[in-house]
Amino acid sequence: MRIRQHVNPLKANFFQIAVEPPELPAGVPLEVELGSAEAHFLMARAAEDAGCCYVGVEIRRDLVALANATCERRGLKQVRSVFANISVDLPRLFPASRVSRFFLNFPDPWWKARQHKRRVMSPELVAELFGLLAEGGEIYLATDVFAIALDAMAALEHDVSRRFVNLREPWTFLRESPFVARSRRERQCEAAGIHIWRLGYRRI
């Protein structure tokens, strides 16, 4: 099966997805990966901490089906992927103040200048994540592209409402991941010795 590596989230048809909100068990912490691909990271998180519910949000329908089939085969009932567009669908997927952690692992860099508007992290997304995170909830981002890391850090550090605090110090990257779980790209970078820029923020 051939799966597209890149999908433009600003195409009109991706603003009309019939989103199906995932079932969220009451009282169980919820962790969400934005752009979860095959959900390798979330499956690893489930092995690391079985006490949470995990949801991946992915705009490529074939990858959602593949991830859910893999989770079903492995008996990972607490891991679920949903077909949705991060740009518009998050409020329809999750109740306010419900998410414990958001992960953005190696978001698409969209290298060309005219494509930069397709990049995920923005002040608008920061405000949206704030509303969905529980008090003390966290955002983690990992990327091997310095420009993406700086864009994300600027969006979080320049937030005029001061809704997030850096887990280390202002304008400072994490030294390492606080989690055992790794995404596919993360494993590739570590094996090749490629530097990974990591950010961590907590909702005030």
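The values are calculated or read from the model by the stated rules, or taken from the named source; none is laboratory data. All values reported here derive from a predicted model rather than from experimental measurement. With ideal geometry, Cβ positions are generated from the backbone for all residues, glycine too; neighbour counts draw on all protein chains shown.
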Picked from the stretch 147-198 (must be polar (S, T, N, Q), surrounded by fewer than 18 Cβ atoms within 10 Å (Cβ to Cβ) and within 18 Å of F102 (Cα to Cα)), the residue nearest to the chain's Cα centre (by Cα) is S177
Scanning the stretch 154-176 residue by residue, the ones that are closer than 24 Å to R45 by Cα and out of contact with any helix residue (DSSP H, G or I) (no Cβ under 8 Å at 6 or more places or on another chain) total 6
So for the stretch 166-184 (the condition being out of contact with any Pro (no Cβ under 8 Å at 6 or more places or on another chain) and assigned to a helix (DSSP H, G or I)), does at least one residue qualify?
yes
Subset of the stretch 41-98, residues part of a helix (DSSP H, G or I) and among the acidic types (D, E), comes to E48, D62, E72, D89
Looking for something buried (at least 22 other Cβ atoms within 10 Å of the Cβ), touching a Ser or Thr at 6+ places or on another chain (Cβ under 8 Å), among the aromatic types (F, W, Y) and at pLDDT 95 or above - is there at least one such residue anywhere in the stretch 35-53?
yes
**Request:** Please tell me if R182 is touching a residue at least 60 places away in the same chain (Cβ under 8 Å) and closer than 26 Å to E38 by Cβ.
**Result:** yes
Within the stretch 21-34, restricting to residues that are part of a loop (DSSP other than H, G, I, E, B) and under 18 Å from the mean Cα position of the chain (by Cα), the one that is modelled with the highest pLDDT is P29
